[in-house]
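Accompanying notes for the structure given below.
The values are calculated or read from the model by the stated rules, or taken from the named source; none is laboratory data. Since the model is a prediction, treat every value here as computed from it, not as a measurement. Because the Cβ atoms are built from the backbone with ideal geometry, glycine has one as well, and the counts that use them run over all protein chains shown.
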C-alpha cells in the first residue's frame with residue numbers, strides 16, 4: 001500500500017478491520033513494524049529510502065492511494081513505478097505484481113496529460129510513448145521551444161479508452177445522503193493591511209515589463225496578498241464557526257495558512273483539533289479519532305493539503321473554506337468564504353475511482 005503519510009495508520013486500521021489477524025508493517029511509524037508481514041504500508045516519500053527492500057519483495061499486488069500524486073514526471077513517480085514493475089523505457093511492458101490498483105477521486109486534475117503515468121502503471125498500450133499520447137489526446141504541437149502538451153483532443157476516444165481500465169463510482173451509487181448546500185458568504189474587506197497588499201501588487205504589476213516576466217517575484221507578491229486577505233477574513237470565519245457550534249454540530253475548517261489554524265485553535269481550545277503538515281501520522285490519526293468520536297471535539301482545523309485527502313471526517317455537518325487553493329476566479333470586489341452545509345463532510349468516504357491492472361506474469 002502506497003499512500004500519503006497522514007493516511008498510513010488509517011489504512012493499517014482499515015486492513016485489520018477486514019482481516020483482524022493480518023500483520024501490517026507501517027514503514028516510518030515507530031511501534032507499527034512487523035517482522036513477517038502480509039501487508040506493507042509506506043508513504044510516497046519513502047520508497048527511495050527503502051528501494052532495495054521494497055523492490056526485492058515479490059508483491060502479489062500493490063494498491064496506490066491518491067494515485068494522482070504520480071501524474072508528474074518526478075523522482076517520487078519514478079520510485080513508485082519501479083515498485084510496480086514499470087520500466088524506465090516507456091515502450092517496455094510492465095513486469096512485477098499481477099494486480100495493481102490505483103485509487104483516486106481526481107484521475108485527471110487538469111489536462112489529459114495527467115493520465116499518462118496512471119495509464120503506464122496499468123500497462124495500457126496507449127501509454128508506451130508520451131509523444132504519441134500527447135499528439136493524440138493532448139492536442140500537442142511544436143513551437144520554438146519544443147512540444148506544447150497542455151491541450152486536449154479526441155476526448156470522446158480517450159473516454160472510451162479509460163473505460164477499459166477504470167471503475168467509476170459516484171456518490172449516489174454508494175451512499176444515501178441528503179443534498180449538499182453550498183453558499184458563498186460575502187466578506188467586506190476593511191483591513192488596511194489587505195488593501196495595502198492589494199495596491200502594492202497592482203502598482204508593481206503595472207510597472208513590470210511584460211517582455212521580461214519574473215515568475216518568482218510575481219508568486220511572492222501574490223502570495224503576500226493572499227495572506228493579507230486570509231487575515232482579513234479571519235473574524236468572519238470565526239463567527240461562522242461559532243454559529244455552527246451553537247447548534248451543537250461539528251464543522252471542518254480548511255485554510256491555506258498555519259497562521260489562521262493557530263489563531264482559531266487558541267480561541268477554541270479543547271473544542272478543536274488540527275491537521276497540518278507539521279503533524280505526524282500518529283497525531284493525525286489521534287486528531288481524526290477525537291473529532292469522529294468525542295462529543296466535546298466539534299471543530300477540526302485542516303490545512304488544505306494535509307487535510308484534503310483520505311481522512312474520514314464524516315462526523316461533520318458543515319465545512320468552511322477560509323481560503324481556496326490556487327484557483328483564480330472572477331469575483332466581485334469583496335472576498336468570500338465558501339461554506340458547505342449538509343449532513344456530511346467534504347470527506348464522505350466515498351467509493352473511490354479505481355484504475356486497475358490485472359496481468360499474468362510470464
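Would you check which residues across the stretch 232-254 are surrounded by 16 or more Cβ atoms within 10 Å (Cβ to Cβ) and over 20 Å from residue 292 (Cα atoms) and list them? Across the stretch 232-254, the qualifying residues are 232, 233, 234, 236, 237, 238, 240. Here residue 150 does not fit the description of being assigned to a loop (DSSP other than H, G, I, E, B) and exposed (fewer than 12 other Cβ atoms within 10 Å of the Cβ).
The rows are residues; the columns are (1) under 20 Å from residue 113 (Cβ atoms); (2) surrounded by 17 or more Cβ atoms within 10 Å (Cβ to Cβ).
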| site | (1), (2) |
| --- | --- |
| 21 | no, no |
| 27 | no, yes |
| 42 | no, yes |
| 64 | yes, yes |
| 71 | yes, yes |
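Listed by position, the strands (runs of 3 or more DSSP E) inside the stretch 11-107 whose residues that are over 30 Å from residue 129 (Cβ atoms) number at least 2 are 24-26, 39-43. Evaluated against (1) closer than 21 Å to residue 62 by Cβ; (2) touching a residue at least 24 places away in the same chain (Cβ under 8 Å); (3) loosely packed, with under 15 Cβ neighbours inside 10 Å, residue 155 falls short on exactly one condition, (1).
Considering 198, 137, the condition of being at pLDDT 90 or above, over 20 Å from residue 69 (Cα atoms) and surrounded by 11 or more Cβ atoms within 10 Å (Cβ to Cβ) is satisfied by 137 alone.
Within the stretch 113-138, the set of residues being closer than 14 Å to residue 166 by Cβ and touching a helix residue (DSSP H, G or I) at 6+ places or on another chain (Cβ under 9 Å) comprises 114, 115, 118, 119, 121, 124, 126, 127.
State which residue pairs qualify: first residue closer than 21 Å to residue 6 by Cα and inside the stretch 17-39, second residue in a helix (DSSP H, G or I) and at pLDDT below 85 in any location, beta carbons under 6 Å apart, and separation of 6 or more residues or different chains. Pairs found: 29/281. Tell me, please, whether a residue that is in contact with a strand residue (DSSP E or B) (Cβ under 6 Å, 6 or more places away or on another chain), surrounded by 14 or more Cβ atoms within 10 Å (Cβ to Cβ) and either farther than 30 Å from residue 102 by Cα or modelled with pLDDT of 85 or more (or both) can be found in the stretch 224-231. Scanning the stretch 224-231, I find at least one residue that is in contact with a strand residue (DSSP E or B) (Cβ under 6 Å, 6 or more places away or on another chain), surrounded by 14 or more Cβ atoms within 10 Å (Cβ to Cβ) and either farther than 30 Å from residue 102 by Cα or modelled with pLDDT of 85 or more (or both), so the answer is yes.
The numbered conditions (1) surrounded by 21 or more Cβ atoms within 10 Å (Cβ to Cβ); (2) part of a loop (DSSP other than H, G, I, E, B) are all true for residue 119 except (2).
Exposed (fewer than 10 other Cβ atoms within 10 Å of the Cβ) and either farther than 29 Å from residue 323 by Cβ or not assigned by TED's automatic domain parsing to the domain that holds residue 320 (or both): is that true of residue 211 in this structure? Judged against the criteria, residue 211 is a match.
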